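The values are calculated or read from the model by the stated rules, or taken from the named source; none is laboratory data. Because the structure is predicted, anything quoted here is derived from the model rather than measured. FYI the Cβ positions are ideal-geometry reconstructions off the backbone, even for glycines, and counts take in every protein chain you see. Accessible surface is based on the protein model in full, side chains and every heavy atom, while ligands, DNA and RNA are left aside. Shrake-Rupley method; radii C 1.70, N 1.55, O 1.52, S 1.80 Å.
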Amino acid sequence: MGTLRKFIFPSLLIHLLLCTIESLEYVCSREDEDCFDRQMHPDLVRQGEELERSINPLEYTNNYWLNLSREFIKQQMNRQPNTSKAKNIIFFLGDGMGLTTVAAARNLLGGTEQKLAFEEFPYSGLSKTYSVDRIVSDSACTATAYLCGVKAIKGTIGVNGQVNMGDCAAGIDRNNFVESIAKWAMDAGKSAGVVTTTRVTHASPAGVYANIADRDWENDSKVKEACGTKSAKIEDIAYQLMHGEVGRKLSFIMGGGKQNFIDSSLYGNGKRSDGLDLIEYFQQEHPDNVYVETRNELMQVNLSEANRVLGLYQDSHMLCHLETDENTNQPTLEEMTIKAIEHLQHNENGYFVFIEGGLIDWLHHFNKPRLALDETIEFSKAIQAARQITSEEDTLIVVTADHSHAFSYGGYPQRKSDVFAPAPVSGKDGKPYMPLNYANGPSFSKFFDTESGQRVDPSLNIVGNTDDEFPSTWPMQWETHGGDDVPVYASGPWSHLFTGVYEQNALPHFMAYAACLGNGLTMCKT
C-alpha cells in the first residue's frame with residue numbers, strides 16, 4: 001500500500017511539502033505519508049496544557065451527537081412551508097458579514113456551538129455576489145442587486161449595467177434607472193423605512209431610494225467636483241433622500257451622516273455647497289415630521305403621532321458599539337430597529353424596512369476583528385428583537401450580507417479558547433500566529449519587518465485593546481472585500497424560497513413574490 005501511495009502522490013507536491021516543513025525538528029521521508037499527515041494536522045496542545053474542560057461532558061459520548069441529529073431530523077420533518085401572503089418585510093443586511101465572520105462571531109456568544117439569532121431561522125441559502133463587471137463587488141452594486149433585482153456596475157446605485165461608475169451623462173438617463181423593492185412596497189400602499197449604523201446616504205441604504213452613477217456623490221459638492229458643469233442636472237444622494245420619488249415618501253430614516261444634509265456656511269461640519277439645509281426642509285415639510293439627534297430624543301418620541309421620523313446621530317458613520325459608553329447619547333441598532341417597527345406597523349397595509357449593520361464591513365476594512373465581530377453580535381440582537389415583536393405568520397424576515405471580506409479563521413485553536421489569542425503553537429519562524437487574519441490591509445507594516453524580511457511577533461501589537469489590528473498578508477490602504485458567496489437566512493411567509501444557491505439579484509424578487517409587490521411573478525398572480 002505504501003508503494004502504491006508513493007506513485008499516487010505527485011513528486012512536485014512532495015517537494016513543496018518538504019520545503020514547507022524543512023525547519024521542523026523532524027523532516028518526513030518521501031515514503032512516510034503518515035508523518036506528513038501528522039504535521040499537516042497536528043495535535044496543537046501546548047506542553048503542560050490540559051484540554052479545555054468547560055466543554056459539555058456529554059459531547060464526549062456517542063449519544064449526545066446521535067440525539068442531536070435525531071432532534072434536527074424531527075425538526076426538519078415537522079417544518080411546514082408558510083404560504084400565506086406576507087404583510088410585512090424586514091430586510092436585514094450585515095454589510096461584509098461573510099460566513100467566516102458569522103463563524104468567528106459565535107465565539108463571542110460562548111463558543112462555536114452557539115448560534116446567532118438568524119441561525120435559528122428555518123431556511124437558509126447562499127447568494128452569489130459578483131457584479132456585471134467584477135468578481136469581487138462593492139456595497140453599491142450589490143445594493144442594486146438585492147434591493148432592485150438587477151445586477152450592475154461596481155460603484156453605481158439604482159442604475160443598470162449601461163451606467164459606468166462616474167458617468168455623469170448616462171447616470172441621469174431615466175431609461176437606465178431601476179426601482180427598489182421599497183418603491184414596490186409603497187406603490188402597494190405599504191410604509192417603508194431605512195435604518196443603518198452608517199451614514200444614511202452610504203452605499204447600502206442608498207440602494208433603497210437613490211439612482212446615481214457614483215456611490216461617493218453623497219452631497220452636491222462631490223457631484224460638482226466630479227462632473228463640473230454637467231452637475232446641474234444630477235441630484236446627489238442626500239438630496240434624493242429628501243426630494244426623490246422614493247426618498248421623500250420614506251416614513252422612517254435613521255443612522256448617521258448629518259454632514260451631507262447641510263451647507264458648510266450653515267453648519268461647521270456641513271459638506272454641502274448649495275446653500276441648502278435639507279434637515280430644516282424635512283422639519284418644515286409637515287408639522288408632524290420628527291427629527292432627532294440623540295438617543296434620549298428618540299426614546300421620547302410619540303411614534304403614534306409622528307408623520308415621518310428622521311434621526312441623524314453623527315456627522316458621518318455612527319460610533320460602533322464598543323466605542324460607546326454610558327455618556328454616549330446614541331441609540332443601538334436594536335433600539336432603532338424596535339422604534340422603526342413600532343412606527344411602521346401603524347400602517348394597516350403593512351411595511352417594508354431595510355435595516356443594516358453597516359459597521360461590520362467598515363471595521364474589517366481596518367483589520368479590526370474585535371470590533372467587527374462585536375458589531376455582528378449587535379446585528380444579531382437587532383434581529384432577535386425584531387423577531388420577538390413581530391409574527392412569523394405575516395412577517396417575512398430576510399437576513400443576508402452584501403459581500404464577504406478577505407478574512408480568515410484557522411490555525412487549529414482549541415474549543416472554548418479565546419479566538420483573539422495566538423494559536424496553540426508557533427509558526428516556522430518560532431513566533432506565534434493568530435487564528436484570525438486578513439489577506440490584505442493596513443496592518444501589514446505592524447506585523448512584517450520589510451527590512452529584515454521577518455514577521456513581527458503579533459503578540460507585541462495585539463494586546464487586548466478593542467481596536468487591536470490583526471495581521472494582514474500584504475499591504476493595502478484598506479482591506480478588501482471577498483468574492484465568496486454569502487449566507488441568506490429567512491423566516492416567515494414563503495421563506496422556503498430562499499433555499500439553494502442563487503444570484504444575489506433574486507432576493508427582492510423572492511420578497512416581492514411573498515408580499516405580492518411589483519409587476520413580476522407573485523403568489524397573487526399565480
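What to note about this one:
- For the chain: Kirkwood Rh in Å [reciprocal of mean 1/r, alpha carbons]: 25.0 Å
- Counting DSSP beta bridges with both ends in the chain, the antiparallel % (nearest 5): 35 percent
- Accessible area (Å², 1.4 Å probe, nearest 10) - Ile338: 50 Å²
- Cβ-defined net charge surrounding Asp220, 11 Å radius [Lys, Arg +1; Asp, Glu -1]: -2
- Applied to the stretch 435-444, the Karplus parametrisation 6.51 cos²θ - 1.76 cosθ + 1.60 on θ = phi - 60° returns per-residue 3J(HN,Hα) values of x, 9, 9, 10, 5, 7, x, x, 7, 3 Hz, with x for Gly and Pro.
- Accessible surface of the chain, 1.4 Å probe: 49 percent of it comes from carbon and sulfur atoms.
- Folded to 0 to 90 degrees: helix 11-21 orientation relative to the chain principal axis, Cα: 90 degrees
- Residues in the stretch 93-237 average 34 Å² of solvent-accessible surface per residue, probe 1.4 Å, ligands and nucleic acids excluded.
- Relative to the longest principal axis of the Cα atoms of the chain, the long axis of helix 333-344 makes an angle of roughly 30 degrees.
- Local electrostatic count, Ala340, Cβ distance below 13 Å [Lys/Arg +1, Asp/Glu -1]: -2
- Note that the stretch 122-133 has calculated 3J(HN,Hα) couplings of x, 10, 8, x, 10, 10, 8, 9, 4, 9, 4, 10 Hz, one per residue in order, obtained from phi through the Karplus relation 6.51 cos²θ - 1.76 cosθ + 1.60 (θ = phi - 60°); glycine and proline are x.
- Along the chain, longest interval not containing exposed chymotrypsin sites (Phe, Trp or Tyr not before Pro), exposed being DSSP loop plus at most 13 other Cβ atoms within 10 Å: 27-477
- Heavy-atom accessible surface of Glu297, to the nearest 10 Å², is about 80 Å², with a 1.4 Å probe and all protein chains retained.
- Cα-based reach from Lys368 at 16 Å (exclusive), listing lysines while leaving out same-chain residues under 8 positions away: Lys446
- Full extension of the chain between Ser316 and His286 gives 8.2 nm of extra length, using 0.36 nm per residue less the Cα-Cα distance.
- Length added when fully stretched, Glu305-Asp173, from 0.36 nm per residue minus Cα-Cα: 43.6 nm
- Loop-located GluC sites (Glu not before Pro) across the stretch 317-407 with a Cβ neighbour count of 10 or fewer within 10 Å are Glu326, Glu348, with loop assigned by DSSP.
- Over the stretch 409-479: Kirkwood hydrodynamic radius from C-alpha pairwise inverse distances, Å: 12.5 Å
- Remark on Arg272: its backbone amide H falls under 5 Å from those of Ile262, Asp263, Ser264, a criterion applied only to residues 5 or more positions apart or on other chains, H modelled at 1.01 Å from N.
- Longest DSSP-loop-exposure-free segment, trypsin sites (Lys or Arg not before Pro), the chain, at most 14 other Cβ within 10 Å: 116-414
- Pairwise centroid distance, computed over Cα atoms, of the stretch 487-526 with the stretch 122-151, Å: 15 Å
- Think of each Lys and Arg Cβ as +1 and each Asp and Glu Cβ as -1; about the Cα centre, that makes the dipole of the chain roughly 1300 debye.
- Whether the stretch 242-323 is rounded, prolate or oblate, judged on the alpha carbon gyration tensor where a/c under 1.5 counts as rounded: oblate
- For Arg134, residues with placed amide H under 5 Å, excluding near neighbours: Lys154
- With a Förster radius of 56 Å applied to the C-beta separation of Val456 and Ser69, the computed FRET efficiency comes to 0.80.
- Each part gets one Cα centre, and for the stretch 394-416 versus the stretch 238-301 those centres are 33 Å apart.
- Applying the Karplus relation 6.51 cos²θ - 1.76 cosθ + 1.60 with θ = phi - 60° to the stretch 65-82 yields 3J(HN,Hα) values of 6, 5, 5, 4, 5, 4, 5, 5, 4, 4, 4, 5, 5, 7, 6, 10, x, 8 Hz, where x marks Gly and Pro.
- Net charge of neighbours whose Cβ lies under 10 Å from the Cβ of Leu312, counting Lys and Arg as +1 and Asp and Glu as -1: 0
- Linear extension gain, Glu393 paired with Leu521, 0.36 nm per residue minus alpha-carbon span: 43.9 nm
- Residues whose amide H falls under 5 Å from that of Arg215, counting only those 5 or more places apart or on a different chain, are absent, with hydrogens built in the peptide plane.
- Looking at the stretch 409-479, the accessible area is 52 square angstrom per residue; that uses a 1.4 Å probe and ignores ligands, DNA and RNA.
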